[in-house]
Amino acid sequence: MVVLRSDSTGKGICWRALSGTVDSMLFDDEKDKGHGGDVPGGFFDEKPKKEPEEFLTSKEDAAEPEYTKKVTPEATAPAPAAPTRIQPVQLFVMKTGIGRELDVVNAIYLRLRKIKAQVFAVFAPNEIRGYIFIEAREKNEIKKATSGVTHARSMLKETVPYEQIASFLVPTSAVIRIREGDIVEIIAGPFKGERARIKSIDERKEEVTVELVEAMIPIPVTLKGEQVRTIEKK
């Protein structure tokens, strides 16, 4: 804090409260009277100023205390965890009893409704007998889904690229590969498991008319195209 005052003689006095010393600033007429100037001990003599002892600090005191140091977010943030590697979805092949492919698919579907297993798809193309395809990340998930399922056999060691079964995944007419005279197996309905011969094909309705091979009296039976599987070509 600085306090400045002047009196009738024209003197100005500056009081420096911090150091406790007084510096008198005299005007030119006072200098001529012998005050200050070159007079030893005058106010205009430059003397080295000492810092008050109470403001002197050691290096240790000058150092910033630990608790006052700023903590950056980088210093407190935990190190990021290593990313977990997720296995890609793959297509596995499982052997089944011949003619029991759809039974196994349905059994797996019902089991997946009761347990938790990372199985994403199960399907059995009509053109492939004795095998089904299962989409999952790991074999262990498939083992959980197929445990106790009748007619489910072992899995092949190698997975199958999607390109190899792409033709089975494209929706097509159910009767496009069926011809009159073909021997088919009925895979659904009351005549399931019976062999029959194709007598006619209705492509618009996607239906076929068949006659049971082992029936004593040939009776025409109309079925949906997806209810039969070709086992012998004409």
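Only the coordinates and a few stated rules stand behind these numbers; no lab work does. Note that this is a predicted model, so its numbers are computed, not measured. As a convention, Cβ positions derive from the backbone with ideal geometry for all residues, glycine included, and neighbour counts pool all protein chains shown.
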For the range 204-219, name all the residues that are in contact with an Asp or Glu (Cβ under 9 Å, 6 or more places away or on another chain), surrounded by 11 or more Cβ atoms within 10 Å (Cβ to Cβ) and not β-branched (V, I, T). E206, L212, A215, P218
Would it be correct to say that R111 is part of a loop (DSSP other than H, G, I, E, B), out of contact with any Gly (no Cβ under 7 Å at 6 or more places or on another chain) and surrounded by 11 or more Cβ atoms within 10 Å (Cβ to Cβ)? no
Selected residue (criterion: nearest to V93 (Cα to Cα)) from residues of the range 162-184 that are buried (at least 17 other Cβ atoms within 10 Å of the Cβ) and under 46 Å from the mean Cα position of the chain (by Cα): A174
Q227 meets each of (1) crowded, with 16+ Cβ neighbours inside 10 Å; (2) closer than 24 Å to I132 by Cβ; (3) more than 42 Å from the chain's Cα centre (by Cα) with one exception, condition (3)
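Residues checked against (1) basic (K, R); (2) part of a helix (DSSP H, G or I); (3) in contact with a Gly (Cβ under 9 Å, 6 or more places away or on another chain):
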{"site": "S154", "(1), (2), (3)": "no, no, no"}
{"site": "T159", "(1), (2), (3)": "no, no, no"}
{"site": "Q164", "(1), (2), (3)": "no, yes, no"}
{"site": "E185", "(1), (2), (3)": "no, no, yes"}
{"site": "A188", "(1), (2), (3)": "no, no, no"}
Just wondering, is there one or more residues in the range 197-217 that are under 26 Å from I132 (Cβ atoms), in a loop (DSSP other than H, G, I, E, B) and in contact with a helix residue (DSSP H, G or I) (Cβ under 7 Å, 6 or more places away or on another chain)? yes
